[in-house]
Structures are given as structure tokens and as C-alpha cells.
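Take a look at the structure below.
The values are calculated or read from the model by the stated rules, or taken from the named source; none is laboratory data. This is a predicted model, so every value here is computed, not measured. Quick reminder, even Gly has a Cβ in these numbers, built from the backbone with ideal geometry, and neighbours come from all protein chains shown. What goes into the accessible areas is simple: the full protein's heavy atoms, side chains included, and nothing from ligands, DNA or RNA. Shrake-Rupley method; radii C 1.70, N 1.55, O 1.52, S 1.80 Å.
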Amino acid sequence: MSIKIAVGSSDGKVIDQHFGSGNKFYVFEVFEDGTNQYGETFDIKEEDIINESKKYSSKKVRSLDGTHSGGFGGGCGSGSQSGCGSGSQDSCGGGSCSGGHDDSQLIGRISLLSKYDAVLVNKIGNKAEKMLIFSGLHAFENDGIIEDALPKLYIYLKRTKAI
């Protein structure tokens, strides 16, 4: 058994992409014996996020804060300071509604990454992390070198029986 991890990186070496704004992911497969192998580079385009989010925009869905919305728009509607839902200025949104992510953007991004088992990024907002976990994806933050992070991630995944 193995697990595929999409790592937010601009160069395939350093984990330097934020979940909400990163558009380049290097995909690694981590195997049961602790080894890993580069698989592919996955670029997320803004139009792909929009197209993916349209699949969900007409559905009435209960948001993470328990309120209903007609679709997923309005990431700032629940009293948070940013679209990432952390309640403070954070790395994803800069603390304002105009800089944050609405739910449709997050849902679209998560849907595009759902073919993988986990996401490893430099920073992820609280709301995005919860949405990833709710979607069945593992969510991890690290600000180091990919080749240093993957063995540590392997140990964690082995201990939690994810692989």
C-alpha cells in the first residue's frame, strides 16, 4: 500500500506554497517501506477551480459554522476575519474579505486535489484544513525541504495506520 501526497512547491524541492494560493503541486508516492517516488507535477489553474466549484454552487449546503448558504459563496459570512476561517489575519487571506477565499474556491481546489491522499503545504488556513479533513484528505503543514519532510510524514502516517 502507498499514499499519494500533493506537495505545494514552486520548485519541487522546498515546501513554499500556501494551500489557498499555491498553484503548483508536486506529487510523491510514499510506500510502506518508507521510500518515496516523484510521480507528477499538478498545476491548478484559476479557471479549473471556477469550473470545479460550479458543480457545487447550486446546491444548498450546511457550512462548517452550521449555517445554510445558497451554494458556497461568502467565505467571510460567519464572523471570521478572513475567508480561511481562522478568525485572525492569516497567511491565506490577509485578514480581509477581499483577500480571503470563499467556500466555492476552497471546495473547487479541494475537489481538484481529491485524487490524492494528502496535501502538504507551507501554510493552510483553519477552515481549509477542516474542509480537507472532512473531504477525507490528510492535511499537513511544513516549511522545510520536501526530501526532509517526507520521511517524517511517513513515520506519522505509519503510526496512525494511514499506510
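Quick grid of which residues meet (1) modelled with pLDDT of 55 or more; (2) assigned to a loop (DSSP other than H, G, I, E, B); (3) within 22 Å of E129 (Cβ to Cβ):
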residue: D16; (1), (2), (3): yes, yes, yes
residue: T41; (1), (2), (3): yes, no, no
residue: D48; (1), (2), (3): yes, no, yes
residue: D65; (1), (2), (3): no, yes, yes
residue: S69; (1), (2), (3): no, no, yes
residue: C76; (1), (2), (3): no, yes, yes
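If we keep just the residues of segment 18-39 that are aromatic (F, W, Y) and outside any loop (DSSP other than H, G, I, E, B), which is most open to solvent (accessible area, probe 1.4 Å)?
Among them, the one singled out is Y38.
So, in segment 131-146, how many residues would count as being open to solvent by 80 Å² or more (accessible area, probe 1.4 Å) and either touching an Asp or Glu at 6+ places or on another chain (Cβ under 7 Å) or at pLDDT 95 or above (or both)?
Selection size over segment 131-146: 1.
Got a number for residues in segment 13-41 being in contact (Cβ under 8 Å) with a residue 60 or more places away in the chain and within 17 Å of the chain's Cα centre (by Cα)?
Within segment 13-41, residues that are in contact (Cβ under 8 Å) with a residue 60 or more places away in the chain and within 17 Å of the chain's Cα centre (by Cα) number 13.
If I filter segment 89-125 down to residues being at pLDDT below 55 and of a type in the set (A, V, I, L, M, F, W, C), which single residue comes out as nearest to E29 (Cα to Cα)?
Among them, the one singled out is C92.
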